[in-house]
Structure formats: C-alpha cells, structure tokens
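K.L.:
This is the structure I want to talk about, given as structure tokens.
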Amino acid sequence: LALYWFWEPREHFVEGRDRLEAILRMKGAQARTRVRAIAAGHAGGLASVQGDYERALCMHREALDIYCELGDQRGIGKQFSSLGLNHDLQGNYAAARSEFEQSLRVCRDLGDAPETAGALSNLAGVVNAQGDHTQARSLFEEALSILRKLEDWIGVAWSLNHLGDVARDRGDFAEARRLYQEGANRFRR
C-alpha cells in the first residue's frame, strides 16, 4: 500500500493498479479490513485517472462499504470525495454534488480543517459547473478562509484561482483578472 505514494505522483498508474488489484484478488485478501479498504480506494483512484470510471466506482464503493462497516469516518469521508471526483470527471454533476456534500458533512463532523477546505473546494467546483456562481463563490471563500488560517499558501493560491474561474464564468472579467493575479503572486511566493 505504501507504494501507492510512489506510483501515483509519478504517474505509474498501470503498474500501481495492476499490483493493487492483484493483491485484492490474493487468497486470504477478501477479509473486509481497513487494509482492504485502503487498497480498494487506491486501486479505484488509479482506475479513475485511467478513465476506467466503472471500475473506479466499483472499487470506491467497496472501500466505502468497508469503512462504513468499520465505522471509520475519515475513510468514509475520503471515499465520498473519491466517488464525487469520479462522477465529476464524467460530467455527472448531480451525483458528484451529492457525494461531495456527504464528504463535506463528514469532514465538518470530524473537525478536520484541511479536509473540510478540500471538500468545500470540490463541492464549489461542481456547483459552479452547474451554474450557481453565487453559491460556488461562497463555498470557495469559506475554503479560502480556512486555508489562510492554516497558512496553506498553495491551497490559498489555488482557491484564489478557483474564485477567478467563478468570476470569469459570471462574466466579471476585471474581478477574474484581479483574482488570477493575486493567485499567481501567491504561487510565485
């Protein structure tokens, strides 16, 4: 499982997915444990970036079911997020929104500020794609506020960029330019 953190950032998606799915098929690996949930979630993530959305959904749902059985709220929140991202990549914004809303609820209940900011940002992106720019702006601004308190400057830069996207989509090009510039300046720092 630790190799996932080698495979994913280096884009060794095929190798990682093949190995994880082989592990999941191994004799004795069928027990519904946290380790199996992690492996299924990682395999689902790699399937998703390969465009195999059906397999990704299957793997993420298996992981979610196991986390629910175990009462692992952190795992539940992450899988709702992964399911949302998978639906988002397919343009299924209604399903993505539902999953992201559930992820956000879990993150808030856990009091996990970094994960809450990520969940807000994911939800805001889908809300913006659905055309509700006012709510998207509000969600991104809440994420931005959290990230500033955490001094997560890369997250702040991304949030500013996303707020620029919302302004652009609203047709407020001056505001979009200002936000993009502020985000770019933050990235440079």
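The values are calculated or read from the model by the stated rules, or taken from the named source; none is laboratory data. Because the structure is predicted, anything quoted here is derived from the model rather than measured. In this analysis, Cβ positions are derived from the backbone assuming ideal geometry, glycine residues included, and neighbour counts consider all displayed protein chains. The accessibility values were calculated without ligands, DNA or RNA, using every heavy atom of the protein model including side chains. Shrake-Rupley method; radii C 1.70, N 1.55, O 1.52, S 1.80 Å.
K.L.:
Name the residues in the stretch 10-34 that are open to solvent by 80 Å² or more (accessible area, probe 1.4 Å) and either more than 22 Å from the chain's Cα centre (by Cα) or on the phi < 0 side of the Ramachandran plot (or both), would you?
P.N.:
10, 14, 18, 19, 25, 26, 27, 30, 32, 34
K.L.:
Quick one: which residue in 2, 37 is open to solvent by less than 90 Å² (accessible area, probe 1.4 Å), among the hydrophobic types (A, V, I, L, M, F, W, C) and over 18 Å from the mean Cα position of the chain (by Cα)?
P.N.:
Of 2, 37, the one residue that is open to solvent by less than 90 Å² (accessible area, probe 1.4 Å), among the hydrophobic types (A, V, I, L, M, F, W, C) and over 18 Å from the mean Cα position of the chain (by Cα) is 2.
K.L.:
Kindly indicate whether any position in the stretch 139-149 is in contact with an Asp or Glu (Cβ under 8 Å, 6 or more places away or on another chain), in contact (Cβ under 8 Å) with a residue 12 or more places away in the chain, assigned to a helix (DSSP H, G or I) and of a type outside the set (Phe, Trp, Tyr).
P.N.:
no
K.L.:
Return a yes/no flag: does the stretch 171-188 have any residue that is under 16 Å from the mean Cα position of the chain (by Cα), open to solvent by less than 70 Å² (accessible area, probe 1.4 Å) and in contact (Cβ under 8 Å) with a residue 24 or more places away in the chain.
P.N.:
Within the stretch 171-188 (the criterion being under 16 Å from the mean Cα position of the chain (by Cα), open to solvent by less than 70 Å² (accessible area, probe 1.4 Å) and in contact (Cβ under 8 Å) with a residue 24 or more places away in the chain), the answer is no, since none of the residues qualifies.
K.L.:
Only one residue in 189, 177 is more than 30 Å from residue 67 (Cα to Cα) and at pLDDT below 95. Which one?
P.N.:
189
K.L.:
Does residue 30 meet the test of being farther than 22 Å from residue 144 by Cα and at pLDDT below 95?
P.N.:
Yes.
K.L.:
If a residue must be open to solvent by 10 Å² or more (accessible area, probe 1.4 Å) and either small (Gly, Ala, Ser) or at pLDDT below 95 (or both), how many such residues does the stretch 134-162 contain?
P.N.:
3
K.L.:
Exactly one of these conditions fails for residue 131: (1) surrounded by fewer than 21 Cβ atoms within 10 Å (Cβ to Cβ); (2) part of a helix (DSSP H, G or I). Give me its number.
P.N.:
If we test residue 131 against (1) surrounded by fewer than 21 Cβ atoms within 10 Å (Cβ to Cβ); (2) part of a helix (DSSP H, G or I), just (2) comes out false.
K.L.:
What's the number of the only condition in (1) open to solvent by 40 Å² or more (accessible area, probe 1.4 Å); (2) within 29 Å of residue 130 (Cα to Cα) that residue 57 fails to meet?
P.N.:
Unmet condition: (1).
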